[in-house]
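Scroll down for the structure; my scribbles are underneath it.
The values are calculated or read from the model by the stated rules, or taken from the named source; none is laboratory data. All of these numbers come straight from a predicted model, not from anything done at the bench. For neighbour counting, all protein chains shown are included, and Cβ atoms are generated from backbone atoms with ideal geometry for every residue, glycine included.
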C-alpha cells in the first residue's frame, strides 16, 4: 500500500511538471518593408509571449511596425501560467525564449524576475514612469488598470447606486427580490487576477468577508474572466459586477449604452500588466526596442486608442472620467506595487486559507 501511495504521489509530481503549452496560439505579423532591412537575410523578428488577446494588441503591433517596417513580429498568445512555465522551461533547457514577455499575472512575472529569468535593461522611456511600477529595471508595469464596479444603468435609475464598499454591503444586505442571481464577480479559484483583487481587498477593507457573504446570499455568479460579466451587465441579465477589470469594461462603453462604470470612492485597486526581457531571449535588443516603444508617450497613446488599455504614462489623460488615473492621489488609487511583495500572493498556504474562507463565506458560514 505504501508503494502505491508513493507511486501515486510521483505521478502527481510528474503530471504537474509537464509542459502546459496546449493553449498556445501563434500569430505572425510580417515585416511591411523588408527592403528597409540592410541585410539580404530574412527580416529581423521580435518574438513576444503575451497573455493579452492578440485582437486587443494588434493595433499596437501594427503601429510599431509602421515606424520600423523592416521588423516582423511573432506573437504567442498564452495563458499566464503557461507563459511563466514556458520561459522557465526554455531557459533552464538552454534554449532561446521570447524577446519580450508581457503578462497580466503580476505575481508570476515578478517571480520570473526575482528568480533570475529576466535581464536588467536601460530604457529612456522608463524615466517618466511612476517609481512603484518598475523593479530593478527588470520588471516594468506597462498599463494602469483599475478594478471597478460595473452596473446596469436602467436598473439603478430609480434607486441609489452604491458608491463605495460599505454602501454596496448595505445594499446587498437588503436582499432585494429582483437582485438574486443578478450580480457577478471573479471566481478566485479559477482567476489569478480575481484572487489578487480579493486578497488586496482583504488587506484594505475590514468588512471584505461580510461583503463576500452578502454576495453569496444574493446568489452571486462566478466567472474566470471579465468578458461574460460585462456582457451580462450590459444586457440587463445581471445588474452589477464587482472587481471587474476596468479597461475591458471601458472598451465596451461605446457599444453598450446601459453599461455604467464606477470607481469605488473608498479606494480603487489598480493592477499593471508586467513586461520583462527574458535573460534567455533570442534577440534581446529587439525586445528592448519594442518595450521602449510601449512605454513611450506615443506607444502609450496608441495602446489607449487601439487596445483600450489604460496608460501608465503620467502625461496621458484617460477616457475613464477624463482623469489622469496614474495620479494615485485621485480616487484613492491603490496601485499594486511591482516588486517582491507580490510573491506573498503565491504562498500556497495563504492561498489555501483564503480560498477555503471564500467558499465557506459564500455559503453563508
Inset, instruction - Only residues that are at pLDDT 90 or above and assigned to a loop (DSSP other than H, G, I, E, B): list them for segment 247-263, please. - result: 256, 257, 258, 263
Inset, instruction - Considering only residues that are in contact (Cβ under 8 Å) with a residue 60 or more places away in the chain and part of a loop (DSSP other than H, G, I, E, B), look in segment 222-238 and name the one that is nearest to the chain's Cα centre (by Cα). - result: 238
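Conditions tested, residue by residue: (1) without any contact (Cβ under 8 Å) to a residue 60 or more places away in the chain; (2) within 22 Å of residue 260 (Cα to Cα).
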site: 153; (1), (2): no, yes
site: 166; (1), (2): no, yes
site: 172; (1), (2): yes, yes
site: 189; (1), (2): no, no
site: 193; (1), (2): no, yes
site: 200; (1), (2): no, no
Inset, instruction - Take segment 174-187 and flag every residue that is touching a residue at least 40 places away in the same chain (Cβ under 8 Å) and either surrounded by 14 or more Cβ atoms within 10 Å (Cβ to Cβ) or not assigned by TED's automatic domain parsing to the domain that holds residue 258 (or both). - result: 179, 182, 183, 184, 185, 186
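Only one residue in 62, 90 is farther than 30 Å from residue 231 by Cα and not assigned by TED's automatic domain parsing to the domain that holds residue 247, so which one is that?
So the residue among 62, 90 that is farther than 30 Å from residue 231 by Cα and not assigned by TED's automatic domain parsing to the domain that holds residue 247 is 90.
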Legend entry - Selected residue (only one of 241, 219 is part of a loop (DSSP other than H, G, I, E, B), more than 18 Å from residue 52 (Cβ to Cβ) and modelled with pLDDT of 95 or more): 219
Inset, instruction - Would you tally the residues in segment 222-238 being at pLDDT below 90 and surrounded by fewer than 22 Cβ atoms within 10 Å (Cβ to Cβ)? - result: 3
Legend entry - All positions within segment 156-167 that are surrounded by fewer than 20 Cβ atoms within 10 Å (Cβ to Cβ) and assigned to a helix (DSSP H, G or I): 156, 166, 167
Legend entry - residue 302 vs. criteria in contact with a helix residue (DSSP H, G or I) (Cβ under 7 Å, 6 or more places away or on another chain), within 27 Å of residue 122 (Cα to Cα) and at pLDDT 90 or above: yes
Inset, instruction - Tell me, please, whether a residue that is in contact with a helix residue (DSSP H, G or I) (Cβ under 8 Å, 6 or more places away or on another chain), surrounded by 21 or more Cβ atoms within 10 Å (Cβ to Cβ) and modelled with pLDDT under 90 can be found in segment 272-289. - result: no
Inset, instruction - Among the candidates 175, 213, single out the residue that is more than 25 Å from the chain's Cα centre (by Cα) and either under 30 Å from residue 108 (Cα atoms) or in a strand (DSSP E or B) (or both). - result: 213
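Conditions tested, residue by residue: (1) more than 18 Å from the chain's Cα centre (by Cα); (2) closer than 29 Å to residue 163 by Cβ; (3) at pLDDT below 90; (4) surrounded by fewer than 21 Cβ atoms within 10 Å (Cβ to Cβ).
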residue	(1), (2), (3), (4)
270	no, yes, no, no
293	yes, no, no, yes
298	yes, no, no, yes
332	yes, yes, yes, yes
